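**Student:** The structure is given below, and queries will be raised subsequently.
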Amino acid sequence: MRRVLFKVSGEMLAGEAQSGLDPTTLARLAAECVALRDEGVELALVVGGGNLFRGIAGAASGMDRSRADQMGMLATTINALALADALRRAGGRARVLSAFELPRMVELFNAEAARAYLADGEILIFSGGTGNPYFTTDSAAALRAAEIGAGLLLKGTKVDGVYSADPLKHPEAERFNHLSYQDCLSRQLRVMDQAAFSLCAESGVQIRVFQMAPGQLRRAVEGEIGTLIG
């Protein structure tokens, strides 16, 4: 699977601080992405904005949900621009494609153009979620993976795969190496939100859930770690 989409959470870009942007984390992630591209992997990323602002948190505090989600989409754009800069400094060619128009800053997403950019060796960063409120970055990742024809969607988490229960709360939980889409549904395993998971199943995009740590991205692409769903 040489065309891969990697879902990058905003919290991941914050490093140990858990908020804001950590330059060391950005540089390390960028170096890993550029190394993969140099090895022939066509790589795209969907970036979240939780390190800066979460729409659902704003709504919980009384904000209008649509407005709060729009603010969250803008937060993903800040992260995307920072990551694109880090990728370029690491020697890669990077381009940000947004779900909504933001002239003079980013390019509006177009699936055909995105596929051409990937084939030409650029690393793409998709910002702005789906462009609509009430949809998560999981949904954005699944949608973009289907649109660009990615065979694999990578989801980095705090644990090393999919378990029968939260292993941080239930040490006896069973870890899975491989699951079908139907396995996840029947076991009610919350790999991604339902809309995102259904889209991956319908479009045949495999999902690999793995523990994101330095040096692990390549191993996830090569299938050495995590849980494969599909």
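The values are calculated or read from the model by the stated rules, or taken from the named source; none is laboratory data. Treat the numbers as computed from the prediction; the structure is a model and nothing was measured. For neighbour counting, all protein chains shown are included, and Cβ atoms are generated from backbone atoms with ideal geometry for every residue, glycine included.
**Student:** Which ranges mark the helices (runs of 4 or more DSSP H) fully within the range 125-230 that have 3 or more residues being in contact (Cβ under 8 Å) with a residue 12 or more places away in the chain and within 22 Å of Asn51 (Cβ to Cβ)? Outline the logic, then answer.
**Tutor:** Numbers: elements: 137-148, 181-186, 194-203, 216-221.
Where helices (runs of 4 or more DSSP H) fall fully within the range 125-230 and carry at least 3 residues being in contact (Cβ under 8 Å) with a residue 12 or more places away in the chain and within 22 Å of Asn51 (Cβ to Cβ), they are 137-148, 216-221.
**Student:** To continue, here is another question. Of the residues Ala111, Ala201, Ala140, Ala173, which is modelled with pLDDT of 95 or more, of a type in the set (Gly, Ala, Ser) and more than 29 Å from Gly58 (Cβ to Cβ)?
**Tutor:** Ala111
**Student:** Now for a separate question. Tell me the residue from Pro214, Pro167 that is over 26 Å from Ala68 (Cα atoms), touching a helix residue (DSSP H, G or I) at 6+ places or on another chain (Cβ under 8 Å) and not assigned by TED's automatic domain parsing to the domain that holds Glu42, please.
**Tutor:** Only one candidate passes the filter, namely Pro214.
**Student:** Say whether the condition of being over 17 Å from Leu108 (Cα atoms), touching an Asp or Glu at 6+ places or on another chain (Cβ under 8 Å) and surrounded by fewer than 23 Cβ atoms within 10 Å (Cβ to Cβ) is met by at least one residue in the range 59-67.
**Tutor:** Yes, there is a match, as at least one residue in the range 59-67 is over 17 Å from Leu108 (Cα atoms), touching an Asp or Glu at 6+ places or on another chain (Cβ under 8 Å) and surrounded by fewer than 23 Cβ atoms within 10 Å (Cβ to Cβ).
Matching residues to (1) more than 16 Å from the chain's Cα centre (by Cα); (2) more than 27 Å from Cys200 (Cβ to Cβ); (3) surrounded by 14 or more Cβ atoms within 10 Å (Cβ to Cβ); (4) not charged (D, E, K, R):
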position	(1), (2), (3), (4)
Arg3	no, no, yes, no
Lys7	no, no, yes, no
Glu11	no, no, yes, no
Ala17	yes, yes, no, yes
Gly20	yes, yes, no, yes
Thr24	yes, yes, no, yes
Arg28	yes, yes, yes, no
Glu42	no, no, yes, no
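**Student:** Then there is this: Taking the residues in the range 146-188 that are among the charged types (D, E, K, R) and touching a strand residue (DSSP E or B) at 6+ places or on another chain (Cβ under 6 Å) as candidates, determine which candidate is farthest from Ala14 (Cα to Cα).
**Tutor:** Going through the qualifying residues, I end up with Arg175.
**Student:** With respect to Thr157, determine if the residue is buried (at least 19 other Cβ atoms within 10 Å of the Cβ) and β-branched (Val, Ile, Thr).
**Tutor:** The answer is no for Thr157.
**Student:** Here are some residues: Tyr117, Tyr163, Tyr181. Which one is of a type in the set (Phe, Trp, Tyr), surrounded by 13 or more Cβ atoms within 10 Å (Cβ to Cβ) and at pLDDT 95 or above? So that I can check it myself, show each step before the final result.
**Tutor:** Details: Tyr163 fails: at pLDDT 95 or above; Tyr181 fails: at pLDDT 95 or above.
The unique qualifying residue is Tyr117.
**Student:** Can you list the helices (runs of 4 or more DSSP H) found entirely within the range 1-90 that contain at least 2 residues being touching a strand residue (DSSP E or B) at 6+ places or on another chain (Cβ under 8 Å)?
**Tutor:** So the answer is 10-14, 23-38, 65-89.
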